[in-house]
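**Student:** Below you'll find the structure I mean.
Only the coordinates and a few stated rules stand behind these numbers; no lab work does. Remember, predicted model here, so these are calculated numbers, not experimental data. Cβ sites come from the backbone with ideal geometry, for glycine too, and all protein chains shown count toward neighbours.
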Amino acid sequence: MVSPTNIVRLLSLPVLWMGIVQTSFGLLSFLVFQDNVGKAFIQPALFFIVLASIFLYRLKKYDVKDISYRDALMFASLTWIVTGIMGGFPIMLVTGISFTDAVFESLSGLTTTGATVLTGLDSMPKSFLMYRQFLQWMGGLGVVIFVVAVLPMLNVGGMRLLKAETPGPVKDYKLSPRIANTAHYLWLIYVLLTVLCAISYYFGGMTFYDAIAHSFTTISTGGFSTHDASMWFFESHSLLFVSNLFMLLGATSFALHFRALHSVTPFLYWRDEETRVFICLVGGLSLMLTLMLIIGDRYQLLEGLSFAAFHVISFITSTGYGAADLGSWPATTGFFLVFCAYLGGCAGSTAGGNKIIRDIITFKVIRREILQCIHPKATLPLRFQGKPVDGRVRHAVMAFMSVAAGSSLIFTLLLMMTGLDFWSAFTAVAACINELGPGFGEVGSNFIPVSYTGIWLLNAAMVLGRLEYFTILAMLTPGFWRY
């Protein structure tokens, strides 16, 4: 059975953390940027800190170390919903947008989706813009992983929390016998890559402020920017190249980063089947998009290759940065980029989408079934990384693909019922369920045209996609609550 006491006490921790984060940005507004929006952060932050402190004090006699898997699923799911709502209050107070739109903006940040309902970013307060960027950075590896990393009291139940937060086939996140240490290692790599990215952006021509802000959303593959023109505000192909590199690093397994750094063996990346396929896919898809743009007389070869590679990487890693007017590109490129978004990055990374490891196994299952038709008596083992793939993993992957396709269809139909045309509804759903951000059609610039009903549907799609479907779907079954 789910333990309400465990859930409430566990949820008090991210509530407390969000209060601390908002207090920090209030102080930044008062002391550093002096942009007169500090109260919009401090007021809700104090309420959250007091509320969390009361719950933690009242429930301190209860031991939360005995966390069941049902508790972990509930905590992982509710954390995104609760922090998404909390994160929206400063957004609502600073911009004056509705509560619905503010929660959408907050959830889009925390889930690293990058879809927005805001315009005029260039003139907005700097502390507010940095807050949006930080929401994506904080949500990149997950608020739950952060809780596991910083709270030793969760050592015993930490593995359940970590697995509930980071579902995925085959890959094993456990880098250390102590799960809290595993979370520490993941965040260490995350912070290191962020610092390297910020330094590279700065020496590439960004201001110190923009370099930090964009490093947050590059490594987290979130895609928020401090400018309406996104990455092309800087009009630099050199910065696009830097962004490409760090988006790819953010979309590669952080456990693999740790092993490569620990062993000082960069060849581990190429030896890893998922990463190898990922790199080859990015190269092949970039060349295909370059060809489409050249045939469409949009760019010369080198410029076309730069824009094509940037947008393929931006979409396949689910970052969602922009650097060109995609509406002026040939119509086929829109379908092509949405396809890239569904492919996704590597398991164990900050990227969204289906994940390359699932794409590989799905392709191998289909290929094996075709070969089995040709050679019905042959024994055709299914292997990944040179090892047989367990039948349960294979079935889980195929179930995931079916649920992903079905969810996209259902959400698209529901969104069309709110008044959007098919292409706008489909790309809006693809943008949110894959944690991508930009859409096409009516949502090509932002998500303002979407109705309030549609916004809440997309909120649900973002959480569903961030937790990779089954965590949420398990809680909707009667059996979850019965035993």
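**Student:** Pop a pseudo-label 7 angstrom from the Cα along the beta-carbon direction at both S328 and T379 and give the gap in nm to one decimal.
**Tutor:** Result for the modelled spin labels: 6.1 nm.
**Student:** Right, another one. Please state the charge dipole magnitude for the chain, taken about the Cα centre, from unit charges on C-beta atoms (+1 on K and R, -1 on D and E), reported in debye and rounded to the nearest 20.
**Tutor:** 2000 debye
**Student:** Within the set of other residues whose C-beta is less than 9 Å from the C-beta of T111, count the net charge using Lys and Arg as +1 and Asp and Glu as -1. The partial results should precede the final answer.
**Tutor:** Details: positive: R466; negative: E435.
That sum, taken over residues with Cβ under 9 Å, equals 0.
**Student:** G441: net charge of surrounding residues, Cβ under 15 Å, Lys/Arg +1, Asp/Glu -1, itself excluded?
**Tutor:** Values: positive: none; negative: D325, D421, E442.
Taking every Cβ under 15 Å from that of G441, the sum is -3.
**Student:** Which far-off residues, 5 or more places away or on another chain, put their amide H under 5 Å from the one on A115, with H placed in the peptide plane?
**Tutor:** Here the answer is G437, since their amide H atoms fall under 5 Å of that of A115.
**Student:** Based only on other Cβ atoms within 10 Å, what is the fewest-to-most ordering of E442, E303?
**Tutor:** Numbers: E442 19, E303 15.
Listing E442, E303 from fewest to most nearby Cβ atoms yields E303, E442.
**Student:** Turning to a different aspect of this structure: Whole angstrom only: what separates the Cα centroid of the stretch 321-348 from the Cα centroid of the stretch 424-451?
**Tutor:** The stretch 321-348 and the stretch 424-451 have Cα centres spaced 12 Å from each other.
**Student:** Let me ask something else about it. If I model a spin label as a point 7 Å beyond the Cα along the Cα-Cβ vector, how far apart are those points for L409 and V8 in nm?
**Tutor:** 4.3 nm
**Student:** Moving to a separate point now. Across the stretch 358-367, in residue order, what do the Karplus-derived ³J(HN,Hα) couplings come to in whole Hz, using 6.51 cos²θ - 1.76 cosθ + 1.60 with θ = phi - 60° and x for Gly and Pro?
**Tutor:** 6, 4, 4, 5, 4, 4, 5, 5, 4, 4
**Student:** Based on other C-beta atoms within 10 Å, arrange Y342, Y202 from fewest to most. Show your work: numbers first, answer last.
**Tutor:** Numbers: Y342 21, Y202 16.
Going from least to most buried by this count: Y202, Y342.
**Student:** Here is a further query. Can you give the net charge of the other residues whose Cβ lies under 15 Å from the Cβ of W481, counting K and R as +1 and D and E as -1?
**Tutor:** Working: positive: R70, R482; negative: D71.
Net charge around W481: +1.
**Student:** As I understand it, the dipole of the chain uses +1 on the Cβ of Lys and Arg and -1 on the Cβ of Asp and Glu, about the Cα centre. Which of L457, Y201, I91 lies farthest toward its positive end?
**Tutor:** Value computed over the given set: L457.
**Student:** Related question: Taking the Cα-to-Cβ direction at F47 and at S451 and moving 7 Å from each Cα, how far apart do the two end points lie in nm?
**Tutor:** With each label point 7 Å from Cα toward Cβ, the separation is 2.9 nm.
**Student:** With charges set only on the Cβ (+1 for Lys and Arg, -1 for Asp and Glu), what does the dipole of the stretch 392-482 come to about its Cα centre, in debye to the nearest 20?
**Tutor:** It works out to roughly 460 debye.
**Student:** Work from the charge dipole of the stretch 392-482 (Cβ charges, +1 for Lys and Arg, -1 for Asp and Glu, about the Cα centre) and give the residue of G441, A430, T477 farthest towards its positive end.
**Tutor:** My answer, from the dipole projection, is T477.
**Student:** With 10 angstrom as the radius, rank H262, H214 by how many other C-beta atoms surround their C-beta, starting from the fewest. Kindly include the intermediate steps, with their values, before the conclusion.
**Tutor:** Values: H262 11, H214 29.
Exposure proxy ranking, most exposed first: H262, H214.
**Student:** Roughly how large, in nm² to one decimal, is the mean projection of the convex hull of the alpha-carbon atoms in the stretch 392-482?
**Tutor:** 6.4 nm²
**Student:** Taking amide H positions as placed in the peptide plane 1.01 Å from N, state which residues far from F384 in sequence (5 or more) or on other chains have amide H under 5 Å from it.
**Tutor:** Counting only residues 5 or more places away or on other chains, the set is V389.
**Student:** Suppose R0 equals 41 Å. What FRET efficiency, 1/(1 + (r/R0)^6) with r the Cβ-Cβ distance, do R367 and V195 give to the nearest 0.05? All intermediate terms of the calculation are to be shown ahead of the outcome.
**Tutor:** On the way: r = 42 Å, r/R0 = 1.02.
Between R367 and V195 the formula returns 0.45.
**Student:** Is the stretch 36-105 rounded, prolate or oblate when judged by the Cα gyration tensor, a ≥ b ≥ c being the square roots of its eigenvalues, rounded requiring a/c under 1.5 and prolate requiring a/b larger than b/c? Don't skip to the end; give the middle numbers.
**Tutor:** On the way: a/c = 4.69, a/b = 1.69, b/c = 2.78.
Taking the square roots of the gyration eigenvalues as a ≥ b ≥ c, the stretch 36-105 is oblate.
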